[in-house]
1. Search the stretch 99-118 for residues that are of a type in the set (Asp, Glu) and pair each with any residue that is surrounded by 10 or more Cβ atoms within 10 Å (Cβ to Cβ) when their beta-carbon atoms are under 8 Å apart and the residues are at least 6 apart or on different chains.
2. For the stretch 15-27, does any single residue satisfy the condition of being closer than 28 Å to Gln156 by Cα, at pLDDT 50 or above and in contact with a strand residue (DSSP E or B) (Cβ under 7 Å, 6 or more places away or on another chain)?
3. With part of a helix (DSSP H, G or I) and of a type in the set (Val, Ile, Thr) as the only criterion, which of Ile152, Ile123 stands out?
4. Scan the stretch 67-87 residue by residue and report those that are assigned to a helix (DSSP H, G or I) and loosely packed, with under 10 Cβ neighbours inside 10 Å.
5. Just to check your reading of the model, which residue among Glu110, Glu105 is modelled with pLDDT of 95 or more and either loosely packed, with under 11 Cβ neighbours inside 10 Å or closer than 24 Å to Thr41 by Cα (or both)?
6. When only residues in the stretch 132-149 that are assigned to a helix (DSSP H, G or I) and out of contact with any Gly (no Cβ under 9 Å at 6 or more places or on another chain) count, which is surrounded by the most Cβ atoms within 10 Å (Cβ to Cβ)?
Amino acid sequence: MKKLLKISILSSFLLIAAVSLNAQKFGHLNSGNLLVQMPETAAADAKLKVFQDSLVAVGESKAKKLEEEFNAFVLEYRQGNIPPATAQKKQAEFQQKETELAELEEEIMEKVDLKREELIGPILEKVQVAINEVGKEGGYTMIFDTSIFNTILFAQDSDDIEPLVKAKLGIE
């Protein structure tokens, strides 16, 4: 009788475990495709292009001016109109200007990156809110992003097991 009770309890437990495993629901989407289809993304891209083009135009103008100055210097030097000491000084000035131009190029890239984050950030937040709502409303356990390898966009609240894993590894 006890053995039959144990088997009955064990089979009930296995049945409950199997049902709960089958109850998990997973979803996926390609966030890249989704973003491309959003009108807000096209508007943000257009604003970013205008911003980037204006900064690049300034950089190109400075580069062209530096090139013209350098070409004029080389012409004068070849004609023998510039003494060697002055030529060395001018060469150092051109190297400094080239360094400044490289720094400007780096600054432009940083500004464009910041502007991209400023414009795209709210769109990404809007998408994440929608994903979270769909995840909760649809009863999804997890939603994966197929555009990025191994990315989870939504997961039900769960226990943070990091402290347990750290303890197993002997990490404080």
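1. So the pair list comes out as Glu105/Gly59.
2. To start, the set of residues in the stretch 15-27 that are closer than 28 Å to Gln156 by Cα comprises 15-27.
Within this subset, residues satisfying the condition of being at pLDDT 50 or above are 16, 20-27.
When the remaining residues are screened for being in contact with a strand residue (DSSP E or B) (Cβ under 7 Å, 6 or more places away or on another chain), the result is 26-27.
Scanning the stretch 15-27, I find at least one residue that is closer than 28 Å to Gln156 by Cα, at pLDDT 50 or above and in contact with a strand residue (DSSP E or B) (Cβ under 7 Å, 6 or more places away or on another chain), so the answer is yes.
3. Matching residue, one of Ile152, Ile123: Ile123.
4. The answer is Arg78, Pro84, Ala85.
5. Exactly one of Glu110, Glu105 is modelled with pLDDT of 95 or more and either loosely packed, with under 11 Cβ neighbours inside 10 Å or closer than 24 Å to Thr41 by Cα (or both), namely Glu110.
6. Step one: of the stretch 132-149, the residues assigned to a helix (DSSP H, G or I) are 132-137.
Add one more test, that the residue is out of contact with any Gly (no Cβ under 9 Å at 6 or more places or on another chain), and what stays is 132-133, 136-137.
Values: Asn132: 13, Glu133: 11, Lys136: 11, Glu137: 8.
Applying the filter and picking the extreme gives Asn132.
The values are calculated or read from the model by the stated rules, or taken from the named source; none is laboratory data. Here the structure is a predicted model, which is why all the values come from computation and not from measurement. Neighbour counts are summed over all protein chains in view; Cβ atoms, including those assigned to glycine, are modelled from backbone coordinates with ideal geometry.
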